[in-house]
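The numbers here are math on the coordinates, done by the rules we state, and not lab data. Please read all numbers here as calculations on a predicted model, not as lab measurements. Quick reminder, even Gly has a Cβ in these numbers, built from the backbone with ideal geometry, and neighbours come from all protein chains shown.
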Amino acid sequence: MRRDVFQAIADPTRRAIIVLIAVQAMTPNAIAEHFDMTRQAVSKHLKILTECELVKQEHQGREIYYQLEIDKMKEIDKWLEQFRTIWEDRFQQLDTLLSIIKKKK
């Protein structure tokens, strides 16, 4: 089942996992140590992240390491860019208004 990337980041635990593995690849056990949940629960989150293609698995011997798929994060950034433009325009309008008010005083 192919999931949407936004399903992955909708959950705070999955966002925390993304932050962890953005720094370095980790095994499910290493990831689970950072959370108050079972390894099986972490594995379910990793499965969703993998299905969304936000993380990829790398086998090293008997261990599986999960690492962030940076290119997929760009999809999120591209979607957010439209809002960044709106926010920047509104901040610019606010700056202009504040300058006008300041000059009137």
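By the gyration tensor of its Cα atoms, with a ≥ b ≥ c the square roots of the eigenvalues, what is the shape of the range 34-73: rounded for a/c under 1.5, prolate for a/b over b/c, or oblate? Here the range 34-73 falls in the oblate category.
Here's the picture: charge each Lys and Arg Cβ at +1 and each Asp and Glu Cβ at -1 in the chain, and of 34, 23, 82 the one pushed furthest to the positive end of that dipole is 82. Calculated from the structure at hand, semi-axes √(5λ) of the Cα gyration tensor in Å is found among (i) 23, 16, 12; (ii) 49, 20, 12; (iii) 40, 15, 12 as (iii). When +1 charges are put on Lys and Arg Cβ atoms and -1 charges on Asp and Glu Cβ atoms, the dipole computed for the chain relative to its Cα centre reaches about 540 debye. The simple spin-label model puts a point 7 Å past each Cα toward its Cβ; for residue 39 and residue 87 those points are separated by 3.9 nm. The chymotrypsin sites (Phe, Trp or Tyr not before Pro) of the range 12-105 that meet both conditions, a loop assignment by DSSP and at most 15 other Cβ atoms within 10 Å of the site Cβ, are 35.
Computed over the chain, the per-residue total of -39500 (n - 2.57) for DSSP H runs of n ≥ 4 gives a 222 nm mean residue ellipticity of -21500 deg cm²/dmol, rounded to 500.
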